[in-house]
1. Label S201 and I31 with points 7 Å out from Cα along Cα→Cβ: what is the distance between them in nm?
2. Between A87 and S190, what length comes free when the chain is fully extended (0.36 nm per residue of separation minus the Cα-Cα distance, one decimal in nm)?
3. I'd like the GluC sites (Glu not before Pro) in region 89-183 restricted to DSSP loop residues with at most 10 other Cβ atoms within 10 Å, sorted by number.
4. Order 66-73, 182-189 from most to least packed using the mean count of other Cβ atoms within 10 Å.
5. Roughly how many nanometres apart are two label points built 7 Å out from the Cα toward the Cβ at R20 and A163?
6. For the pair F210/S156, report the inter-label distance in nm, with labels modelled 7 Å from Cα in the Cβ direction.
Amino acid sequence: MPYQILADMITAHDALLELRDGNRRFVAGEIDAESMASRAHQVGMSGGQSPCAIILACSDSRVPVELVFDQGFGDLFVIRVAGNVVAPSQIGSIEFAASQFGTQLVVVLGHSNCGAVIATLKELALEQTHRSPNLRAIVDRVRPAIEPLLEAHKDSDTDTLMAAAVRANILASVERLTHGSLILEQLIESGELTIVGAEYSIETGKVEFFDKNPS
């Protein structure tokens with residue numbers, strides 16, 4: 001059970017709407033100096049936090065998560081790792097935020113032209129291998145989602161295969177979070193947690209959520 005549920009915690013549905021709207025503002029260039037100032041650090045924030053969403057994102061420097069969703073201090077609980085892969089430390093971080101703060105929405109945020117996905121595709125094509133066991137640990141977590149695509153897309157061009165691989169990797173991380181933790185499974189079953197995948201386009205700035213549009 002959650003350690004602390006804050007009275008003003010928003011639902012997963014409303015949090016998703018806020019992220020969508022924030023990304024719309026980001027893409028439209030509606031984030032001006034006045035908007036940024038309103039989201040500046042405020043004295044007294046040390047008293048606690050109530051993030052509206054937990055974001056498991058890739059570490060890519062071209063994906064500034066808070067900016068992409070036009071969110072400020074204390075709005076998002078962000079976990080970043082190359083390839084937005086799921087390892088025990090990421091699961092534990094999400095368990096902590098969902099239990100401690102009552103946050104009801106988790107978004108696995110991948111992105112176009114992901115370096116970890118590219119590295120995995122190159123390894124599967126035997127174009128390169130990773131001598132570092134640490135780098136290989138990331139590739140090995142991406143590999144199971146991508147390997148089945150090679151046969152299905154054997155006649156596809158590189159861009160098509162890449163797009164399919166990025167999406168497959170995101171959905172695999174959603175699956176691991178959904179079924180890889182008793183705590184998260186219980187929260188999902190009770191309706192207190194929703195986990196969705198999303199892809200950020202580096203080219204356009206838009207985020208596509210892999211879920212039904214909320215009404």
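What follows draws every value from the coordinates through simple rules; no lab data is involved. If you're wondering where the values come from, they're calculated on a predicted model, not measured in any experiment. Neighbour counts are summed over all protein chains in view; Cβ atoms, including those assigned to glycine, are modelled from backbone coordinates with ideal geometry.
1. 1.8
2. Numbers: separation 103, 0.36 × 103 = 37.08 nm, distance 2.40 nm.
Result: 34.7 nm gained on full extension.
3. Numbers: sites: E95, E123, E127, E151, E175; in loops: E127.
Answer by residue number: E127.
4. Working: 66-73: 19.5, 182-189: 15.2.
Those peptides, ordered most packed to least, come out 66-73, 182-189.
5. In this crude label model, R20 to A163 measures out at 2.2 nm.
6. For the pair F210/S156, the computed spacing is 1.2 nm.
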